[in-house]
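Working notes, beginning with the structure itself.
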Amino acid sequence: MIKSILPLSSIIALRFLGLFLVLPVISVYAINLEGATTTLVGIVIGGYALTQMIFQVPFGVMSDKLGRKGTIIMGLVLFALGSLICALSTDIYTLMLGRLLQGAGAIGAVVTAMISDLVKEEQRPKAMAVMGMSIAGAFALSMIAGPTLGAAFGVEFLFYITMVLALVSIYVLVKKVPNPPHITHTYNGKINLKEVLFNSNSIKMNITNFLQKGLMTFAFMIIPMVLIKNFQWEMSELWKVYLPAMIFGVLAMGPAAVIAEKKGKFKEILIIGILFFAVSYLIIGMSSSATVFAIGVVVFFIGFNMHEPIMQSLASKFAKVHQRGLVLGVFNSAGYLGTFLGGVIGGIFYEDVSLSTLVIVIAVVCILWAILIVTMPNPAKKRFAYLSLDEYSLEKSANLEHKAIDEWYINNTENVIAIKYDNDILDEEAIKNLLK
């Protein structure tokens, strides 16, 4: 499993590294470009997320129908081109164009769906955790490398790095990633879009992704601006805040993933992370010294990194095999909408509203968010039976239309039939008897 997942995880990690590298410094870089205002800077910070949001679902559906690899390559090419435009930009509008094009390469849901294709259901939480940890690792590295390299070589250099990372990712995809198995699912009708969009648990996860990413974007807008403007820091000093924040965040990530995946405490981990968000913003907004401000940043990244390894895994639990690209596309679109609005709304209100007022509003939103998650059950534990087609006939497949069976499909590559069932009602022996 690890051999199949590591190359894909490295692709998504390299892509996120490219995006994250500029986050710690882009606000102070963009504000000094020709034509810049704080509102336009907010659009630049979150702009890539707008096109990510628009293209997540089309890319997800395209990958379901036309294949994962070709779709991922198309997205990486767009990302590389957008990075080049950003590197060459001399005014705020060209930078904005490049950021929008970066986001048009919306492959996040496709990579997640491909990981789901390559591993069995019971291994998927571990696979998703590996991907989540690779993203968090890229996040941690970028928080140190971004300010350091940006101060030494200029922010333009960071965009050239992102372009190279995208091209390296294409090589890894072509040479190192196996082709997903050919699957025949059992649904004769078209994908039920209403079923996907109005699943109550999926809605709660989409809201969670929206708010988490929005708070992240707003944090990256205000952290460097407050430190430089209010506390007279230099760009080269920003690592002094990001380094401890990343260290504590990474330390929190492992236990959170284990408790969620192994103990089934997804809901509890989400709620704890949300409470960390509320506390962190209150500390950030009320701080009178750089030290207190830095403590708030550390608390924020602890909460963020507690969420990150489990988000994709939890969202995928509500997707059937033929809907993974679409479900994860909607989930990621919600997150990118939050990223975009976090930057835009933050930029608009940062000019006219005091930071202390903004953080109180954010804390109230977090409390309401936590209450919403309380109403979401931890995902039911389902089991899969994998039966060889050499031993079991499909002539009695009609018997699989059972209330305890969520779905079944044929893995043509491995010549097995995979059946997802509720173990409280049926066991594997009973499943086998249905096909005898």
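The values are calculated or read from the model by the stated rules, or taken from the named source; none is laboratory data. All values derive from a computational prediction rather than experimental measurement. Cβ sites come from the backbone with ideal geometry, for glycine too, and all protein chains shown count toward neighbours. These area figures cover heavy atoms from the full protein model, side chains too; ligands, DNA and RNA do not enter into them. Shrake-Rupley method; radii C 1.70, N 1.55, O 1.52, S 1.80 Å.
Quick look at the numbers
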| item | result |
| --- | --- |
| Relative contact order %, the chain, counting alpha carbon pairs below 8 Å whose residues are six or more apart | 24 |
| Estimated vicinal HN-Hα couplings, Hz - the stretch 47-64 in sequence order (Karplus 6.51, -1.76, 1.60; Gly, Pro = x) | x, 4, 6, 5, 6, 4, 4, 5, 9, 4, 5, x, 5, x, 5, 4, 5, 5 |
| Angle between the chain longest axis and helix 200-229 axis [Cα atoms, degrees, rounded to 10] | 20 |
| Amide H contacts under 5 Å for Val416, placed H, 5+ residues apart | Leu389, Asn411 |
| Sum of -39500 (n - 2.57) over DSSP H runs of 4+, divided by residues of the chain (222 nm, nearest 500) | -25000 deg cm²/dmol |
| Whole-percent carbon and sulfur share, accessible surface of the chain, 1.4 Å | 65 |
| Degrees separating the helix 355-374 axis from the principal Cα axis of the chain, which is the longest one | 10 |
| Per residue accessible area of the chain, 1.4 Å probe, in Å² | 40 |
| Rounded FRET efficiency, nearest 0.05, which uses the C-beta distance separating Val174 from Lys65 and R0 of 22 Å | 0.60 |
| Cα long-axis angle, helix 155-176 against the chain (0 to 90 degrees, to the nearest 10) | 10 |
